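Participant: Take a look at the following structure, please.
Every number here is computed from the coordinates shown, using simple stated rules; none is lab data. All of these numbers come straight from a predicted model, not from anything done at the bench. Please note: Cβ atoms are built from the backbone with ideal geometry, for glycine as well, and neighbour counts cover all protein chains shown.
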Amino acid sequence: MKTTIIKISIFFILFISIGHSLLWGQEPGNSFVVSATKQESRSSLIFSGSFMHFQGKQNNDAGDILGYYTFPVNAGLGILYQYQIEKKSYLLSGINYQACHIASTEHGILRFRYREPSISVYFKHYFFRNKKNGLHSSIGLSYGRMKLMASESHGHIADWNDFGTTYLENYSNNNAFIDAVFTTGFFLSSSNIEIAPSIGYRVKDNWMGYYRHRFFYGLQINYELKFWKK
């Protein structure tokens, strides 16, 4: 499942990049070369693919248990509207959909699979940006609600079984969360693709915080679809 999502994300970014180049009659990889009659708009769209790591809390070593793992990569998708407020500064707002998997031994031996749709607001500032590349940092907040897809416990016969929410320690109807996220991105102007390592902290947590640490980190691969005006 994770491999399929990653392949779809990469294909989606490449498809948009090539389509955008053809739309303006450009060769792929040279999208910064435009007609003299066109001027870049202050607005653009950011299509984002994220690969994040969320760490479950570990009180015991479960490494020798068949099927127990720590889910190193969790894929997600997002789309953000970007608006230039100053020469090197931008405001962004949009939606995100993050797949999450963790394993924890905080209270028993458990695995969780859940989804986190959210809305985000960011401030981005470029240290420099030219026709070849650019470097920026951004900081923002995300608000969303978690949707639990599955919880499993380890059985006595090296098996994993559904574990109902009735028996989950600290379970409640509180699914809301707020994340603070910081990224530093390297932008390739020739392809409009950005590679951005990121780190986040869950400012407001929900009941899953009993099984998961607040800090998380990962990598974002973004494509910027620019708008032009005559």
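Participant: With +1 on each Lys and Arg Cβ and -1 on each Asp and Glu Cβ, how big is the dipole of segment 105-230 about its Cα centre, in debye rounded to the nearest 20? Before the final figure, lay out the partial values.
Facilitator: Working: 16 positive and 10 negative charges, 209 e Å.
So the dipole magnitude of segment 105-230 works out to roughly 1000 debye.
Participant: Using R₀ = 22 Å, calculate the FRET efficiency as 1/(1 + (r/R₀)^6) where r is the Cβ-Cβ separation of residue 129 and residue 97; round to 0.05.
Facilitator: That gives a FRET efficiency of 0.20.
Participant: Take the residue pairs 132/226; 87/132; 57/204; 88/204; 88/226 and return only those whose Cα atoms are more than 27 Å apart. Before the final figure, lay out each step's value.
Facilitator: On the way: 132/226 16 Å; 87/132 17 Å; 57/204 17 Å; 88/204 31 Å; 88/226 16 Å.
Exceeds cut-off: 88/204.
Participant: I've got another one for you. With a Förster radius of 25 Å, plug the Cβ-Cβ distance of residue 148 and residue 182 into 1/(1 + (r/R0)^6) and report the FRET value to the nearest 0.05.
Facilitator: Working from the Cβ atoms, E equals 0.35.
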